[in-house]
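The values are calculated or read from the model by the stated rules, or taken from the named source; none is laboratory data. These numbers come from a predicted model, not from an experiment. A quick note on method: Cβ atoms are made from the backbone with ideal geometry, for glycine too, and the neighbour counts reach across all protein chains shown. With ligands, DNA and RNA removed, areas are computed over all heavy atoms of the protein, side chains included. Shrake-Rupley method; radii C 1.70, N 1.55, O 1.52, S 1.80 Å.
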Amino acid sequence: MIMLVQVLKKVMLSILLLAIQIFLLNRISVLWCATPYVYIIMIMICDPNGSVSGRLVSAFCMGLVVDIFSDTPGVQAAALTLLAFLQPSLIRLFMTLDKRDHIVPGAGSMGWVSYPVYILICTLIFVLTVALLSSVSSPDWITLTVGVVLSTLMSVALILCIELVFRRNIRGNKRRRFL
Amino acid sequence: MRTPLDFFVKFRHLLLFIVLEAVCMSLIYRHNSNRDNVVFTTAGNVAGVFCDISSSVSEYFGLRVENRRLADENAFLRSQLYLVRDSVEVARLEALTSSDSILVGRVISNTINRNQNYITVDIGSVEGVAQGMPVYASEGVVGVVYRVSRHFSLVMPLLNTSSSISCRIRGADCFGFLRWNGGDIYHASLTDLPSRSGVFIGDTVETSGFSKSFQSGLMVGIVSDIEESEGVSPEVTVNLAVDFSRIGYVYIETTAVPQELLELTSM
């Protein structure tokens, strides 16, 4: 029952983040080439010892939903699936994992030095893949580079804000986690 | 003993990853090559309905600006009407307004931050929209209809690196192609002009009428910069007439594009 509630919570949160991405963040265009992405946090905070197939399929589905509303079929789905595939290896760069551990990546488990770097690397991989797949026919390298750098910085800032506001909601000594 | 099944079990995650990536690559390829496919775009029925609702909400907050724009356009059209009232143009205008050749569409989705930008409009094949039809706003040319579903249309605007429209300089006998290179949404380039074309900053760029979609004389923009080199085509920068970041409604001219011409130009 507790497991079912947790899954439902994750599904609801994914829908909320997808709605924010599609109807709000996709309309942001800094210097006409940069857009922040926050829904990718759902893949970044997956348990690296959890179901690999589940993570890959959910990443594919989430990416495809955003693709449909962005008229870029396949682009974000490909990038997010790649991120989901690489995620456990990226986590292992920052912490040693035991196969029996149930780990929720976050500032609490990884620390405030490793976690932002982990978020930065994950976001960079995603944004770079999206940029390369989107401009495969006519790459403008200057715009592409500016877009990747700005999109990554904005996304990392937003994801860290979410971490601060929702995932480290401290009341007295009790730490509550919403994500 | 190792069997193929062992192999699949051992590498099942890698195989799943490869399959999903292959599906993505196929979607990307189909989107770029098959113009009849609207399922995974905002012109699809499900995504279109969601975009329609979202657009209705955001449109409510921009009503004041939209009303102002419509009032200005109304004033401009009235002034034009007074000019032609007593001339032979009246008969032509009456013929135009009595027909159903121009449809008004509401923009429900619009991107400006990519190389391949698209605009989704809330009218489709049921209303009479077809591929290749010209799309414009009150300020000037927007683009052409790229894909059509029953109730929605996907428009390829000038702000798409695949777009190319034949244009001319008003009052001069020189023609070129308007192309957008990505990035700046207010400017595009006019290429393939003759080397001694006599273009000046401030000249008006309009459609030439050579394209399969657009009639001649539709406003595209104003020349804002020229870089000339001896013996080669000048690099002309055009300040686009339409502000694509604020586009709310578009007109689609439903004059049929001959199928034979579409097939010939897509070969």
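If you average 1/r over all unlike Cα pairs in region A:47-98 and invert the result, what Kirkwood radius do you get in angstrom?
The answer is 11.5 Å.
Ignoring ligands, DNA and RNA, what accessible area per residue does region B:170-235 give at 1.4 Å, in Å²?
Per-residue accessible area for region B:170-235 comes out at 53 Å².
Would you tell me the mean number of C-beta atoms belonging to other protein chains that fall within 10 Å of each C-beta in B:45-54, as a whole number?
Mean inter-chain Cβ contacts per residue within 10 Å come to 3.
Using the charge dipole of region A:2-177 (Lys, Arg: +1 at Cβ; Asp, Glu: -1 at Cβ; taken about the Cα centre), state which of A:Leu82, A:Gly63, A:Ile119 has its Cα farthest towards the positive end.
Most positive-ward Cα: A:Ile119.
Provide the per-residue ³J(HN,Hα) series for region A:119-130, in order, calculated from phi with Karplus coefficients 6.51, -1.76, 1.60 and θ = phi - 60°, each as a whole number of Hz, with x at glycine and proline positions.
4, 4, 5, 4, 5, 4, 4, 5, 5, 5, 5, 4
Calculate one ³J(HN,Hα) per residue across region A:15-31 by plugging θ = phi - 60° into the Karplus curve 6.51 cos²θ - 1.76 cosθ + 1.60, and present them in order as whole Hz with x for glycine and proline.
Along region A:15-31, the couplings run 4, 4, 5, 5, 5, 4, 5, 6, 9, 10, 5, 5, 8, 7, 9, 7, 6 Hz.
Could you compute how much accessible area chains B and A hide from each other, both sides summed, with a 1.4 Å probe? Nearest 100 Å² is fine.
3000
Can you list the HN-Hα couplings for region A:66-72, worked out from phi with the Karplus curve (6.51, -1.76, 1.60; θ = phi - 60°), rounded to whole Hz and with x for Gly and Pro?
Once θ is set to phi - 60°, the couplings for region A:66-72 become 5, 4, 4, 7, 10, 6, 10 Hz.
Amide H to amide H under 5 Å from B:Val142: which residues, 5+ apart in sequence or cross-chain, H placed 1.01 Å off N in plane?
Answer set, sorted by chain and number: B:Val135, B:Tyr136, B:Ala137.
Rounded, prolate or oblate: pick one for the protein assembly as shown, where a ≥ b ≥ c are the square roots of the eigenvalues of its C-alpha gyration tensor, a/c under 1.5 means rounded, and failing that, prolate if a/b is larger than b/c, else oblate.
Here the protein assembly as shown falls in the prolate category.
For B:106-114, what's the mean count of beta carbons from other chains sitting within 10 Å of each residue's beta carbon?
Averaged over the peptide's residues, the number is 5.
What's the local net charge at B:Gly221, with K and R +1, D and E -1, over the other residues with C-beta under 13 Å away?
-3
How charged is the neighbourhood of B:Val23? Take every other residue with its Cβ under 14 Å from the Cβ of B:Val23, and add Lys/Arg as +1 and Asp/Glu as -1.
-1
If you take every residue apart from A:Cys46 with its C-beta less than 13 Å away from the C-beta of A:Cys46, what net charge results, scoring Lys and Arg +1 and Asp and Glu -1?
My count for the surroundings of A:Cys46 gives +1.
Give the Rg/Rh ratio for region A:2-177, taking Rg as the radius of gyration of the Cα atoms and Rh as the Kirkwood radius, to two decimals.
0.96
Can you work out the accessible area per residue across chain A, with the rest of the protein chains kept in place, probe 1.4 Å, in square angstrom?
Per residue, chain A has 48 Å² of solvent-accessible surface.
About its Cα centre, how strong a charge dipole does chain A have in debye, to the nearest 20, once Lys and Arg get +1 and Asp and Glu get -1 at the Cβ?
920
Where the accessible area of the protein assembly as shown is counted over protein heavy atoms with a 1.4 Å probe, how much of it, in %, is carbon and sulfur?
C and S atoms contribute 63 percent here.
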